[in-house]
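The values are calculated or read from the model by the stated rules, or taken from the named source; none is laboratory data. Remember, it's a predicted structure, so these values are computed and weren't measured experimentally. Glycine gets a Cβ as well: all are built from the backbone with ideal geometry, and neighbour counts include every protein chain shown.
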Amino acid sequence: MSLQRNNGMPSSKRLIYSHIAEQGTVSKAELLDRSSMTSSTLTRMLDEMVSEKLILASGFGPSSGGRRPILYETNPEYGYFFGLEISRFSSTLGFYDVRMNPMSLTRWRMDEAMTPERVVEHAAANMKAILNDHKVDPEKVVGVGIGAVGPLDRERGVIMKPRYFSSPGWVDVPICRMIEEKTGFPAELENGANAALMGEQWAMRGSKPQHMLYVHAGVGLRSAMMSYGQIIHGSLDMEGAIGQMIIQTDGPRLNEDGNFGALEAYASVQALERLAQSRAKISGGEWPERLQSSPERIRYELLLQELRQNNSHVEELFRQAASYLGIGLANMINMLHPETIVLGGTLINSYDRFYETAISIARKNVYYYPEYEPVFTKGELREDAVATGAALMVWKKMSI
């Protein structure tokens, strides 16, 4: 088994296989409706795919007057995939069969010790243990999909210069080559937001969403867009550009090379930490005593703890940040017109009111609302979306 490295049109065999995979079980008659093949050609192809153990004849469907039709489904043991998320707070390693069923999910914190070399060693050791636990021959592993914080050079498999990693060394990291040398498995790289969107669309495939926007709100802000079911790649792989959307021309900036009044200065983990630190200094003793911390040591985890204790000061900080994110979302929605908006990241998932406030503000500022009313969701996969989408990327490039 190998990965297809070309970008050509998918073969008829690939199209038939993908339709079976998306539907779960399907009859020959349904496949004929989706293809331009003759009945005899499709029959030969299906017989060939069964003999290759690519698909299984799984039983019979209901009769419509004649013989009951044979039903086909993918063979879950045909191949296996690893999906690796590399993010700022934590990383995730997922192991999947051909049906994208998660057989194992492992997470670890990305602290100061997690250099690129250590991450690769840790991931490789976990891959070996997972294969042993599931008694899977390494020869059946098709590859490793990597979803990472950008900017990236996807063609060369290099993580270029991401911000805000706790560990040093995350500059010009040839992550694909490092994984391949350590594991022997081919690797493919995609930015994490794109991978998450691919994973979520797969999970929602029953409703057939085609035009989707994904926004991740965490340490930074990341986004991805899909049109007609295809990820939109720009000339540069800069998934964090949404954070530089200017929403207040005379506003602050989060970093020296960022825009003044950019969204990331109002609606990110770092923005919340800095604002809380500033408020604590201005208020004198009240905030530091309440938080039992000096202003400089206030971190996101402490703010979440205060949210759980109904600290009204911290609740107001989150409400303001969510309102700004809602404005940024409205700007993107008015420009891109997605049918579905998936929101992820620690700001979305750790505090329900943040999510509710953000989508409420976005809805109020969407042009043509309520005639145009996109669907907002936290997604089906949530924190597993990047790893799943990364594995799915390899699945889509599997030679058939």
**OP:** Would you mind finding the one in L307, L317 that is outside any strand (DSSP E or B), of a type in the set (A, V, I, L, M, F, W, C), in the same structural domain as S223 (by TED's automatic domain parsing) and surrounded by fewer than 18 Cβ atoms within 10 Å (Cβ to Cβ)?
**Re:** L307
Original post:
How do the pairs read when you match residues in region 158-175 that are within 16 Å of G147 (Cα to Cα) with residues anywhere that are surrounded by fewer than 13 Cβ atoms within 10 Å (Cβ to Cβ) and acidic (D, E), using Cβ under 8 Å and keeping only pairs 6 or more apart or on different chains?
Top reply: V158/D172; I159/D172; M160/D172; K161/D172
**OP:** Would you mention how many residues in region 350-380 are within 30 Å of I146 (Cβ to Cβ), of a type in the set (A, V, I, L, M, F, W, C) and surrounded by fewer than 21 Cβ atoms within 10 Å (Cβ to Cβ)?
**Re:** 2
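Would you say M37 is assigned to a loop (DSSP other than H, G, I, E, B), in contact with a helix residue (DSSP H, G or I) (Cβ under 7 Å, 6 or more places away or on another chain) and more than 21 Å from G192 (Cβ to Cβ)?
In short, yes.
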Subject >> Yes/no for A124 being among the small types (G, A, S), assigned to a loop (DSSP other than H, G, I, E, B) and not assigned by TED's automatic domain parsing to the domain that holds V269 >> reply: no
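Just checking: which of the strands (runs of 3 or more DSSP E) contained wholly in region 42-103 hold 2 or more residues that are exposed (fewer than 15 other Cβ atoms within 10 Å of the Cβ) and either touching a residue at least 12 places away in the same chain (Cβ under 8 Å) or charged (D, E, K, R) (or both)?
On the way: elements: 55-60, 70-74, 80-86, 90-97.
Result: 55-60.
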**OP:** Would you point out which residue out of R68, R88, R34, R5 is in contact with a strand residue (DSSP E or B) (Cβ under 6 Å, 6 or more places away or on another chain) and at pLDDT below 95?
**Re:** R68
Subject >> Count of residues meeting criterion [farther than 19 Å from W170 by Cα, within 21 Å of the chain's Cα centre (by Cα) and small (G, A, S)] in region 71-120 >> reply: 3
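Anything in region 166-205 that is among the small types (G, A, S) and not in a helix (DSSP H, G or I)? List them, or say none. Steps first, answer last, please.
We begin by selecting, within region 166-205, every residue among the small types (G, A, S); these are 166-167, 169, 184, 187, 192-193, 195-196, 199, 203.
Scanning region 166-205 gives S166, S167, G169, G184, A187.
Which of the residues belonging to region 320-347 are part of a helix (DSSP H, G or I) and among the hydroxyl-bearing types (S, T, Y)?
Residues of region 320-347 part of a helix (DSSP H, G or I): 320-336, 346-347.
Listed by number, the residues that qualify are S323, Y324, T346.
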